Structure formats: structure tokens, C-alpha cells
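Working notes for the structure below.
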Amino acid sequence: MNQSPERQPSPEPSAQACVTRRGILTGLLLVPLNVYWVLAAELALLAALRASFPWFPFHPLGYCMASEMPWLWFPFFIAWALKLVVLHAGGLKLYRQTLPFFLGLVLGDYVMGAIWSLIGVVFNVPVHQIFH
């Protein structure tokens with residue numbers, strides 16, 4: 001008789017492989033615990049660098065959001081680059097003068113998203129999904 005050899009269990013899968021193959025919750029349960037310690041150490045390092053050096057450009061929250069909201073990295077990069085240009089070109093005075101404009105852009109985006117969502121609910125029509 002032809003007997004097949006027993007399958008050897010594969011080494012523990014990476015976090016990305018767990019998420020793509022089995023879903024997020026199952027992936028979180030299969031990732032080795034030491035991965036979380038490494039990620040926590042990286043986050044603590046970013047927080048310490050940000051607190052120690054005011055010029056350090058990376059925020060720990062950006063590190064956390066990068067894996068969950070990949071579609072936001074480019075808008076955040078543009079905002080960071082514009083802030084850098086404004087601060088270098090005109091200093092704190094120009095930054096404070098342009099702040100209402102940029103906050104207005106964000107507020108306008110959310111207000112228009114809310115209005116379109118309400119239009120979709122009231123008239124029972126499909127609209128573009130603004131908030132994920």
C-alpha cells in the first residue's frame with residue numbers, strides 16, 4: 001500500500017498572512033505573542049523620540065493607523081508636507097494665519113459627507129460612501 005507521510009505543521013504564520021488568509025480576528029489569535037511586544041517596543045520608541053525631539057516628524061498614532069487605514073497615508077503626507085512648508089516659509093505667524101483655512105477644509109469635507117449621507121437616507125437613493 002502507498003502510505004503518504006504525515007504532514008508536518010508549518011511554522012507560525014506571519015501577521016500579514018494570518019490577516020489575508022483567515023480574517024482579522026483569527027489572524028490576531030494566531031500571531032505569536034512576542035510580535036506584540038516588538039510592536040509595542042516600536043511604538044514606545046516612536047513616542048519617546050517624539051517627546052524628546054520636537055523636530056521628530058513621525059507620530060506614534062500614525063504608526064498605529066497605518067495598517068488599519070491605508071487609504072489615509074497620502075492625505076496625511078500632504079498635510080504634513082504643507083505644514084512643513086508653511087512653517088519654514090513664514091514661521092509660527094503664517095502657520096496661525098493659515099490654520100483656519102485648513103480646519104475649514106476638514107470641516108467642509110465632513111459637512112458635505114453628512115449632507116450627502118442624509119440625502120441618501122431621506123430619498124432612499126444610493127450615494128457615495130464618505131465615511132468608512
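For Leu118, the test of being modelled with pLDDT under 90, closer than 29 Å to Ile130 by Cβ and among the hydrophobic types (A, V, I, L, M, F, W, C) is failed. Scanning the stretch 47-70 for residues that are in contact (Cβ under 8 Å) with a residue 12 or more places away in the chain and under 15 Å from the mean Cα position of the chain (by Cα) yields a total of 7.
Every residue, every condition in (1) out of contact with any Lys or Arg (no Cβ under 9 Å at 6 or more places or on another chain); (2) in a helix (DSSP H, G or I); (3) loosely packed, with under 11 Cβ neighbours inside 10 Å, yes or no:
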residue: Leu49; (1), (2), (3): yes, yes, no
residue: Phe58; (1), (2), (3): no, no, no
residue: His88; (1), (2), (3): yes, yes, yes
residue: Tyr95; (1), (2), (3): no, yes, no
residue: Leu99; (1), (2), (3): yes, yes, no
residue: Tyr110; (1), (2), (3): yes, yes, no
residue: Gly113; (1), (2), (3): yes, yes, no
residue: Val127; (1), (2), (3): yes, no, no
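The values are calculated or read from the model by the stated rules, or taken from the named source; none is laboratory data. As the structure is a prediction and not an experimental result, all values here were calculated from the model. All Cβ positions, glycine included, derive from the backbone under ideal geometry; neighbour counts span all protein chains shown.
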